[in-house]
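Worksheet: one structure, shown below.
Taken together, the values in this text are just the output of simple stated rules run on the coordinates, not laboratory data. Bear in mind that the values here come from a model prediction, so they are computed numbers and not experimental data. Note that each Cβ is placed from the backbone with ideal geometry, even for glycine, and that neighbours are counted across all protein chains shown.
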Amino acid sequence: IVISVDGRPLDAGAGQRGAVAVFHDITDIRRYESDLAVFAGVVAHDLKAPLTVVRGHCEAAQEALEDGDDPSASLDRIERAVQRMAGMIDTLLAYTTARDAPLTAETVDLGELVAEVVQDRARHDPAPEVFVGDLPAVRADPAMLRHVLDNLIGNALKYVRPGAAARVDVTASPVGTGWTRIEVADRGIGIPDAEKHAVFERFHRAHASAGYDGTGLGLAICKRIVERHGGEIGVADNPGGGTRFHFTLEVSDMKLKARKKDDDKA
Ligand code: ADP
């Protein structure tokens, strides 16, 4: 390596006391950029299918209206296709921000956030059974945390056994000092032990998930977000059949203080 200053080789005798060389490790940036290119390709390809649905059903709805028929079946199909496209674009945006966007640390009511996500997600046929336990307030970036919950709950609702109704349990229990372990358990198709670790890698999709929509990026994003909060994420078999994901987060101090006051009063 030749260190030069203003294009001239560094010569300590020529009145220069030294120079600072700054080296960046760009491996991570390169890998991220090539991931993004692959993912943009996947999204562009996957957007074509719902777009074809939208185009076809717009025409069908138009014809139905002209003939005085009910266009609602076509409008339903259009709505679902648009939702799928919006989901893909959300994942793309999350991937671009999860890497290094600054995180905020706010007190987030986990129960409220889970209820919102479930409401947005639970428009399935047949309707899913969702059980939400008593959840604490946590310290997190609300938008990023929403993404993690949306992904885990979305997967729990998606990877259902054919013909079965989804059943999802979201619970939390204290772990360590001031941390909570959140679990999202389902009764779906499950993940074999050999693939449990790999599902957190980018673009990895388990064999059993062929035939279900997906990009294989959601859990990689979840892992990055949880780790940037100082927590960890993992997966195990659900004892009741299916899969149980967990991740850890710091409980909000504000809530702990409120609890402490209650304890002092008692
Ligand atoms: P996607 O669902 O878009 O494929 P994810 O990164 O969210 O991507 O998940 C990676 C893979 O992990 C999925 O393709 C699927 O094989 C498996 N997986 C994730 N969640 C579940 C689940 N709840 N039940 C069974 N398999 C799952």
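Quick notes on this structure:
- Residue under evaluation residue 221, criteria (1) farther than 24 Å from residue 132 by Cα; (2) in a helix (DSSP H, G or I), criterion not met: (1)
- Which numbered condition residue 139 misses (of (1) part of a helix (DSSP H, G or I); (2) under 18 Å from the mean Cα position of the chain (by Cα); (3) of a type outside the set (Phe, Trp, Tyr)): (1)
- Residue satisfying all of: in region 166-180; surrounded by fewer than 20 Cβ atoms within 10 Å (Cβ to Cβ) and away from the ligand (no atom under 15 Å from the Cβ); nearest to the chain's Cα centre (by Cα) among these: 171
- Breaking point among (1) part of a helix (DSSP H, G or I); (2) within 16 Å of the ligand (Cβ to nearest atom), for residue 115: (2)
- Candidate set from region 118-136 (those that are in contact (Cβ under 8 Å) with a residue 24 or more places away in the chain and in a helix (DSSP H, G or I)); member that is surrounded by the most Cβ atoms within 10 Å (Cβ to Cβ): 121
- Among the residues of region 201-236, just one is free of Cβ contacts under 8 Å to residues at least 12 places away in the same chain and near the ligand (Cβ under 7 Å from one of its atoms), namely 205.
- Complete set of residues in region 64-111 that are touching a Phe, Trp or Tyr at 6+ places or on another chain (Cβ under 7 Å) and either part of a helix (DSSP H, G or I) or surrounded by fewer than 15 Cβ atoms within 10 Å (Cβ to Cβ) (or both): 92, 95
- Among the residues of region 181-196, the ones that are within 19 Å of the chain's Cα centre (by Cα) and either within 11 Å of the ligand (Cβ to nearest atom) or hydroxyl-bearing (Ser, Thr, Tyr) (or both) come to 8 in all.
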